[in-house]
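Novice: Just dropping this structure here.
The values are calculated or read from the model by the stated rules, or taken from the named source; none is laboratory data. Owing to the predicted nature of the structure, the values given are computational and were not obtained by experimental measurement. Every residue, glycine as well, gets a Cβ built from its backbone with ideal geometry; the counts of neighbours run over all protein chains shown.
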Amino acid sequence: MKFITALVLWVALFTRGHTNSLDSCVGRCGYGTDSDFTCQCNPSCEKYGDCCSDYVQVCKSSSSCKNRCDETYNSQNECHCNSKCSQYNNCCEDYDQVCDVYVAGGGGGSVVSDADIKSISQVLFTLDSNKASASQLILEPQTLIPDSQTSAQTDHAPKPLFRYLDEGTLFSRPTYAALLAVLDNYRRMTGQTEAFTQQQLQEQEHFVRETMSNTEVGRELFAFLYTKGVYSSEEEFLQDLKMMWFGLYSRSNGQLDSSGFEHIFAGEVKGGKVSGFHNWIQFYLLEKRGQLNYYSHSFNGPWTSYPDVLGMQFNWDGYYKQVGSAVIGCSPEFDFALYSLCYITRPGKMCRLSLGGKELRIQTYTWDKTTYGDGKKYIGSAFPATP
């Protein structure tokens, strides 16, 4: 009996002496969940409430994203390391390096950093020789309203947004002509099945090839993605663009009524409101026909030449758009390339570009309900985010 009592006391003292190793994060930061420990030291422990008492002190720096990627938002933190910090401009300085990288192209791809994206977008900006010049496109933005007034549906613009466009020059260029041929192939109401003729399918194919194979912008985008291991050939690149942009899916009533291209370039109407619609040429065409009434703009990009960025309020033949942002004055190949770059490298995230040395942020969304080859996701949306 004395022996057993002594043994119990010894175990108790031994355990007490080693409690710190079980309840501490020293040497354990970043470990996965381990049931041998009484508390955890991984990024998920805050979610499940089982962090060791010294987790924050040992594993997390208030100014770094180390061991903090995708953490739950905490207003007490001086900077943040989750997917929304880019949107709110409160990321820690090392967020890009530690957290915000995406392995483009799946397992066979390579990491594409924010610095890579800014570098290639600046190159694309320089190569956009088909953009409109100041003499070819003249705008009248008129009234700038605050964000708080964008839902008021008040017409503050007595004049059209587009005062002048040199259609004869711009629309005769191959990529503009290819875009015009595709834009009129859609039914804007969701819930109505899209059915394409053979000619319309050929127009889709022609648009992808004309913009991406026959322009410096498109060839440069492919070269970038090829060197990153995203695509192994130009044909694979073109086929994937065709599927992600033009592949049909259902936004309403189970009908194949939508695609990334229709939503972003042509625009749709869903639930009594304009949905998508982020292309300046479609805006110009509808305004010229008297089918679109420009009301105001809520933001204007910092660029003094084209391309520029506007966030517009307008009424499309009885349906209102609260903020329809678009890159204005760029060529069709540039518009298509920017959105494709951001969707391929930052699907469902904020994508930060550099145009003429100034930052442009594009938000992308994936369509998660259906997929195409190898489980890839169609484009849900992409648009310039409010500066």
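Novice: Any idea how many residues of the range 316-334 are under 23 Å from S151 (Cβ atoms) and in a strand (DSSP E or B)?
Specialist: Looking only at that region, the number is 10.
Novice: Taking only the range 228-260 into account, find how many residues are touching a strand residue (DSSP E or B) at 6+ places or on another chain (Cβ under 8 Å) and in a helix (DSSP H, G or I).
Specialist: Qualifying residue count for the region: 5.
Novice: Look through S250, S233 and report the one residue that is polar (S, T, N, Q) and without any contact (Cβ under 8 Å) to a residue 12 or more places away in the chain.
Specialist: S233
Novice: Among residues belonging to the range 163-190 that are in a helix (DSSP H, G or I), surrounded by fewer than 19 Cβ atoms within 10 Å (Cβ to Cβ) and not charged (D, E, K, R), point out the one that is farthest from the chain's Cα centre (by Cα).
Specialist: It comes out as G168.
Novice: Could you check, for the range 281-288, whether at least one of its residues is touching a helix residue (DSSP H, G or I) at 6+ places or on another chain (Cβ under 7 Å), in the same structural domain as C330 (by TED's automatic domain parsing) and part of a loop (DSSP other than H, G, I, E, B)?
Specialist: Looking for residues that are touching a helix residue (DSSP H, G or I) at 6+ places or on another chain (Cβ under 7 Å), in the same structural domain as C330 (by TED's automatic domain parsing) and part of a loop (DSSP other than H, G, I, E, B), one finds none in the range 281-288, hence no.
Novice: Considering every residue within the range 110-121, establish whether at least one is surrounded by 15 or more Cβ atoms within 10 Å (Cβ to Cβ) and farther than 23 Å from M350 by Cβ.
Specialist: no
Novice: Right, here's the next one. Check off (1) within 19 Å of V323 (Cβ to Cβ); (2) small (G, A, S); (3) loosely packed, with under 15 Cβ neighbours inside 10 Å for G357 and give me the number that stays unchecked.
Specialist: (1)
Novice: When the range 124-136 is examined, which residues are found to be buried (at least 16 other Cβ atoms within 10 Å of the Cβ), over 19 Å from the mean Cα position of the chain (by Cα) and assigned to a helix (DSSP H, G or I)?
Specialist: The answer is L127, and nothing else.
Novice: Next up: Counting only residues that are of a type outside the set (G, A, S), touching a residue at least 12 places away in the same chain (Cβ under 8 Å), more than 12 Å from L338 (Cβ to Cβ) and in contact with a Phe, Trp or Tyr (Cβ under 8 Å, 6 or more places away or on another chain), how many does the range 364-387 have?
Specialist: 10
Novice: Also, I was wondering about something else. Exactly one of (1) touching a Leu at 6+ places or on another chain (Cβ under 7 Å); (2) within 19 Å of L179 (Cβ to Cβ) is unmet by G218. Its number?
Specialist: It fails just one condition, (1).
Novice: I'd like to check something: does the range 252-259 contain any residue that is in the same structural domain as L124 (by TED's automatic domain parsing), touching a helix residue (DSSP H, G or I) at 6+ places or on another chain (Cβ under 8 Å), within 26 Å of P174 (Cβ to Cβ) and modelled with pLDDT of 95 or more?
Specialist: yes
Novice: Something else now. Kindly indicate whether E93 is at pLDDT 65 or above, in a loop (DSSP other than H, G, I, E, B) and loosely packed, with under 12 Cβ neighbours inside 10 Å.
Specialist: Yes, satisfied.
Novice: At pLDDT 95 or above, among the basic types (K, R) and either buried (at least 20 other Cβ atoms within 10 Å of the Cβ) or out of contact with any Pro (no Cβ under 9 Å at 6 or more places or on another chain) (or both): does that describe K288?
Specialist: no
Novice: Scan D308, D335, D374, D368 and give me the residue that is closer than 24 Å to L221 by Cα, at pLDDT below 95 and in the same structural domain as K118 (by TED's automatic domain parsing).
Specialist: Within the list D308, D335, D374, D368, the selection yields D374.
Novice: Here's another thing I want to ask about it. Looking only at residues in the range 325-336 that are out of contact with any Asp or Glu (no Cβ under 8 Å at 6 or more places or on another chain) and crowded, with 24+ Cβ neighbours inside 10 Å, which one is nearest to K273 (Cα to Cα)?
Specialist: The residue in question is A326.
Novice: Can you list residue pairs whose Cβ atoms sit under 6 Å apart, with the first residue in the range 161-173 being among the charged types (D, E, K, R) and the second being surrounded by 11 or more Cβ atoms within 10 Å (Cβ to Cβ)? Count only pairs 6 or more apart in sequence or on different chains.
Specialist: If the second residue must be surrounded by 11 or more Cβ atoms within 10 Å (Cβ to Cβ), the pairs left are R163/I138; R163/E140; D166/Q136; R173/N130.
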